[in-house]
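Working notes for the structure below.
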Amino acid sequence: MLLKTLNSALIRVVYEICHSHPAGPECEKFYQGYKKTFEDYITAKVLPFLREKRDENLLQELVTRWNMHKVLTTWLVRFFHYLDRYFIGIRKLPTLNATSLLAFYKLVYVEMNDQVREVVISMIDQEREGEQIDQALVKNVLDIYVEIGEGSMTYYAKDFEEAMLKDTASFYSKKASIWIASLSYGDYMRKVEECIKKEEDRVSCYLQSRSRHKLLEVLHIFSYSRFLFCTLVVEHELRPTHATKLEEKKQLECGSASTNE
């Protein structure tokens, strides 16, 4: 009750100061103060904690700080709602929510993304090697890419998926070289199907499936509706690249089977 009363009182104060001049200097001061609040908070209370974290601890800290940032944004947007209704529209400025996201993007995202992306991709490769990872943590981190873009897939595709896709191709190219040299044709193909199934599960668990079509265009791979982008990468790396060797194995095994008959 006290918090609700305080909230209403602050909203009223902003209204009383700004309503007579919706595009005036007082509104400008509020808007700049709103923006500076986020910048100061991030610089003093967020970045120092993130900079000292590594590996999964970094991801956990990032998710925690991002959730706190969203809560802070929700409350401050309520306090300064009048600016969104009048001042921002008249001045053609970013909304209060967009201003908050932009502060996080410029101060946190730009500095930390390379490190965050490297940790996430490393965890995905660990899972491909059979290790257990915190899938919920990975999903929460990847959701930030979409949320910070206000639903747009731009940051996710540009700053994560492209690198993840290259890593996926490299990972399975190396695996295929090993498997083709050590497995029979039948065992190799069963291994391929197993990997495809796991990549489908991976997309369902934590990757952003909404980006599938864009990634298929980037890779110039036929867009089969029943395959997700990781599946197509796996098929591309594990089958066609080593087609000649596989065909040789197949012919040898088929010939051997016929002889035994």
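What number of residues within the stretch 189-203 satisfy the criterion of being of a type in the set (K, R), surrounded by 14 or more Cβ atoms within 10 Å (Cβ to Cβ) and within 21 Å of Q135 (Cα to Cα)?
First pass over the stretch 189-203, keeping only residues of a type in the set (K, R): 190-191, 197-198, 202.
Narrowing the set further to residues that are surrounded by 14 or more Cβ atoms within 10 Å (Cβ to Cβ) leaves 191, 198, 202.
Checking the rest, the ones that are also within 21 Å of Q135 (Cα to Cα) come to 198, 202.
So the count comes out to 2.
Against the condition exposed (fewer than 15 other Cβ atoms within 10 Å of the Cβ), in a helix (DSSP H, G or I) and in contact (Cβ under 8 Å) with a residue 40 or more places away in the chain, how does T64 come out, does it pass? Let's see the steps before the verdict.
On the way: exposed (fewer than 15 other Cβ atoms within 10 Å of the Cβ): yes; in a helix (DSSP H, G or I): yes; in contact (Cβ under 8 Å) with a residue 40 or more places away in the chain: no.
When the stated conditions are applied, T64 does not pass them.
What about L83, is it under 26 Å from Y41 (Cα atoms), touching a helix residue (DSSP H, G or I) at 6+ places or on another chain (Cβ under 9 Å), open to solvent by less than 20 Å² (accessible area, probe 1.4 Å) and at pLDDT 95 or above? Walk me through it before giving the result.
Details: under 26 Å from Y41 (Cα atoms): yes; touching a helix residue (DSSP H, G or I) at 6+ places or on another chain (Cβ under 9 Å): yes; open to solvent by less than 20 Å² (accessible area, probe 1.4 Å): yes; at pLDDT 95 or above: no.
The answer is no for L83.
With the checklist (1) over 23 Å from Y155 (Cβ atoms); (2) at pLDDT below 95 in hand, flag the one item P48 doesn't pass.
With (1) over 23 Å from Y155 (Cβ atoms); (2) at pLDDT below 95 applied to P48, the lone miss is (2).
The values are calculated or read from the model by the stated rules, or taken from the named source; none is laboratory data. Predicted model only: the values in this text are computed from it and were never measured. Note that we place each Cβ from the backbone using ideal geometry, even for glycine, and neighbour counts take in every protein chain shown. Note: accessible area is taken over every heavy atom of the protein model, side chains too, but ligands, DNA and RNA are not part of it. Shrake-Rupley method; radii C 1.70, N 1.55, O 1.52, S 1.80 Å.
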